[in-house]
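Here is the structure we will look at.
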Amino acid sequence: MSESTKVLIIEDLPTDAMLVEHEVREVLPETSYLVVETAPDFLAALDSFQPDIILSDYSMPQFDGLTALKLAQEHAPDTPFIIITGSINEETAVACMQAGAWDYILKERIMRLGQAALAALERGKERLEKKRATEALEQSETLFRSLFEQHAAIKLMVDPVSAVIVNANQAAAEFYGWSREQLRSKYVFDINTLPPDQIRANMQKAAADKCVYFEARHRLANGEIRDVEIFSSPIESSGRIHLHSIVHDITGRKEAERALVTAKEQAEAANIAKSEFLANMSHELRTPFNGIMGMMQLLQTTPLDAEQQEFVAAAIESSKRFTRLLSDILDISSFEAGKASLTMSEFNPAEALESVLDLFHLRAREKGLDLDLTVDPAMPRSVVGDVARVKQILFNLVGNAMKFSDRGAVHVRLIPLSAAKGGDLRAMFSISDTGIGIPDDKLASLFKPFVQVDGTYTRSYQGAGLGLSIVKRLMGMMNGNGCVESEVGQGTTVHVILPFTLPARDAAKTAHAAVPRVRKEHLKILLAEDDSLNQMFMTHVLKKLGHAVTVANNGQEAVDLFQTRDFDCILMDIQMPVMTGVEATQRIRSQESEAGSQKSEDGDRTSAKGHRTSGTQVSGLIPPPSPHTPIIAVTAHTQPGDREKFLAAGMDDYLGKPVGIEDLEKVLKKIQGDKWS
């Protein structure tokens, strides 16, 4: 029973009242009691105390149980009423029960009182619930009729079997333009423009499920078609199952959605145009800048006094900063356009880290900083991932550590976090510095684009604030994560955790790598470049390195020269007049393929003369390999994916403008070692 049961006792003798309370408390320990003796007190208690059960003595000097029972019937008819008496004859008991008593208990059998009270309370609860349910049903039906008739929403009552519109409210009549009587003479097919089979399927689903939502187009009396959404649920009415359907006019929303789709398509087109514009601008900026930076590098190799050397070094450093800023802006644009991608390959993570640190050793010496690297011995020597993106992350983080540290050291650590399971590995790169640190209130905005810890006009450190934003985007692309620990004035540590896979060992590849190569000291190089300043720079550099250079002013000239001369490699610009570098490369590869097929046929004929048998190669009669001239893309197209696109077009390597002399030398050394033969 409820813990808040209230018991009202009508008794003139305190001892008897205590006895009654004792017996009831045995079965209802958590109850509250009130004892009254007179009729006025009883009526007042009914109003203020509001008992759950009434236990009344039958015979009292000023009040009797039968009178109390009649008052209870008038003021609290649903409250259980039990009469308790010391002596009662059969006629009196019958009169009490006929008057509405729920039970009567002789005082000599007072031990029955507890169970009788429990039973009376249960019966009272059931009676009250039935009464409430009946009242609720009556109210619900009245309310439903009222809501259906007067509700502002469009409502239809539909027979799911015949599809007849059984009823319609006034809002439906106003929306469709037919009277309620006219609507009750129509079928759903008359207003719904969906195919009949689909309409029947929707009604069957609505009848089977509790509530179904679907969209349609409804026809009005004037022939106008409106977009609607329909919420339909089964309801019993007049002994039959009907569908109670609420209809909302969503024509305006649908028009807004269509406008939004159009706007989205326009925005996507604008985004593509922006990306194309940035790519073209990148090319237009990098091409002349390659000439400027190249001339500065050439000037640096000539006899200069100390002041001139300082001027040239400053100009080259400024050029590098400009190039990095341009690359960062293009990276951010690629991320926003959804064009950034990963290129997976096998690489040594420790060597990748060392190659990044090599770029900072000179700056570390100039600032008096220690720059060191620790690689955990458990770290695998080879993993599969996007080495270029990994280097980009590390370059930005180490660069930041160097920028904001004027004393102490920058320490880089590489450790594996988990053992290889199923070929997977997670590695953590930690970059610690002893720099200025980062305030706690700046950490939240640290990885946002164009944000720096010191954003004032008088800030001490240069930069556009793009590096860490790019790091965050790259970590997300690679399914990695990171965190920052920092203390103002003490330094910062950035932890980056990246997932890799472990490569399958390839014995054949290892054996091939061990074959000694013949080094070519002097190369015959075809330079395909339409910009005169870049022609001058590249020609001077290549000749200084001891190589012979032939210049082609466009892709067609490059193809023509390739057909008439023998070159060790081709440095191919991409954007050229007459024929692009990609088209020229494809023409050259096609010619090589044809030449290779011809040589193979000649070799077969020679072998046949030597009695070659199928599947067996006669000693000394090896067909010559297919010709392959290394083609290196030298281009201002440096957006993510450009390198892969050019390699897929048949090129062997890639140099982005502005071209550094050291980078050019590295590529030429590969060719001198006959790597692509």
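The values are calculated or read from the model by the stated rules, or taken from the named source; none is laboratory data. Small disclaimer: the values here were computed from a predicted structure and weren't measured. Don't worry about glycine lacking a Cβ; one is built from the backbone with ideal geometry, like all the others, and counts go over all protein chains shown.
Residues that are touching a residue at least 40 places away in the same chain (Cβ under 8 Å) and assigned by TED's automatic domain parsing to the domain that holds Ile105: list the strands (runs of 3 or more DSSP E) wholly contained in the stretch 1-64 that include at least 1 such residues. Talk me through it step by step, then tell me what you get.
Details: elements: 5-10, 31-36, 53-57.
The strands (runs of 3 or more DSSP E) meeting that bar are 5-10, 53-57.
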Query raised in the report: How many residues does the stretch 493-525 contain that are modelled with pLDDT under 65 and either buried (at least 16 other Cβ atoms within 10 Å of the Cβ) or assigned to a loop (DSSP other than H, G, I, E, B) (or both)?
Result: 8
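Select from the stretch 80-127 the residues that are assigned to a helix (DSSP H, G or I) and of a type in the set (Asp, Glu) and write down the one among them that is nearest to the chain's Cα centre (by Cα).
Ranking the qualifying residues of the stretch 80-127, first place goes to Glu126.
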Report task. Scan the stretch 530-540 residue by residue and report those that are out of contact with any strand residue (DSSP E or B) (no Cβ under 7 Å at 6 or more places or on another chain) and surrounded by 21 or more Cβ atoms within 10 Å (Cβ to Cβ). Result -> Asn534, Phe537
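Just name the residue that is modelled with the lowest pLDDT out of those in the stretch 424-443 that are part of a strand (DSSP E or B) and buried (at least 20 other Cβ atoms within 10 Å of the Cβ).
If we take residues in the stretch 424-443 being part of a strand (DSSP E or B) and buried (at least 20 other Cβ atoms within 10 Å of the Cβ), then Leu425 is modelled with the lowest pLDDT.
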Report summary line: Within the stretch 395-418, residues more than 22 Å from Gly368 (Cβ to Cβ), among the aliphatic types (A, V, I, L, M) and in contact with a Leu (Cβ under 8 Å, 6 or more places away or on another chain) come out as Leu414
Requested in this report: Check the stretch 23-46 and report whether any residue there is touching a His at 6+ places or on another chain (Cβ under 8 Å), closer than 16 Å to Lys70 by Cα and modelled with pLDDT of 90 or more.
Outcome: yes
Query - Hits in the stretch 563-581 - residues which are surrounded by fewer than 22 Cβ atoms within 10 Å (Cβ to Cβ) and on the phi < 0 side of the Ramachandran plot - result: Gln563, Thr564, Arg565, Asp566, Phe567, Asp568, Gln575, Pro577, Met579, Thr580
Report summary line: Of those in the stretch 301-323 that are of a type in the set (S, T, N, Q) and at pLDDT 80 or above, the residue farthest from Asn400 (Cα to Cα) is Thr302
Query raised in the report: Quick check, is Ala39 out of contact with any helix residue (DSSP H, G or I) (no Cβ under 8 Å at 6 or more places or on another chain), over 16 Å from Thr79 (Cα atoms) and aliphatic (A, V, I, L, M)?
Result: no
Requested in this report: Name the single residue, out of those in the stretch 3-45 being surrounded by fewer than 19 Cβ atoms within 10 Å (Cβ to Cβ) and hydrophobic (A, V, I, L, M, F, W, C), that is nearest to Gly114 (Cα to Cα).
Outcome: Val27
Query - Selected residue (only one of Lys367, Lys339 is of a type in the set (D, E, K, R), modelled with pLDDT of 80 or more and surrounded by 14 or more Cβ atoms within 10 Å (Cβ to Cβ)) - result: Lys367
Query raised in the report: Does any residue in the stretch 469-488 that is acidic (Asp, Glu) come within less than 7 Å, Cβ to Cβ, of a residue that is assigned to a helix (DSSP H, G or I) and surrounded by fewer than 20 Cβ atoms within 10 Å (Cβ to Cβ) six or more places away or on a different chain, and which pairs are these?
Result: none
Requested in this report: Can you give me the number of residues within the stretch 542-565 that are closer than 24 Å to Lys666 by Cβ, in contact with a strand residue (DSSP E or B) (Cβ under 9 Å, 6 or more places away or on another chain) and either among the β-branched types (Val, Ile, Thr) or in a loop (DSSP other than H, G, I, E, B) (or both)?
Outcome: 4
Query - Test: Val158 is surrounded by 18 or more Cβ atoms within 10 Å (Cβ to Cβ), more than 42 Å from the chain's Cα centre (by Cα) and β-branched (Val, Ile, Thr) - result: yes
Report task. Please find, among Ser600, Ser593, the residue that is assigned to a helix (DSSP H, G or I), at pLDDT 80 or above and more than 30 Å from Leu533 (Cα to Cα). Result -> Ser593
Query raised in the report: So, in the stretch 210-230, of the ones that are farther than 20 Å from Glu257 by Cα and in contact (Cβ under 8 Å) with a residue 12 or more places away in the chain, which residue ends up surrounded by the most Cβ atoms within 10 Å (Cβ to Cβ)?
Result: Val212
Query raised in the report: Quick one: Asn396 ticks every box in (1) touching a Gly at 6+ places or on another chain (Cβ under 7 Å); (2) in a loop (DSSP other than H, G, I, E, B) bar one, so which box is it?
Result: (2)
Report task. State whether the residues of the stretch 608-624 include one that is in a helix (DSSP H, G or I), over 39 Å from the mean Cα position of the chain (by Cα) and modelled with pLDDT of 80 or more. Result -> no
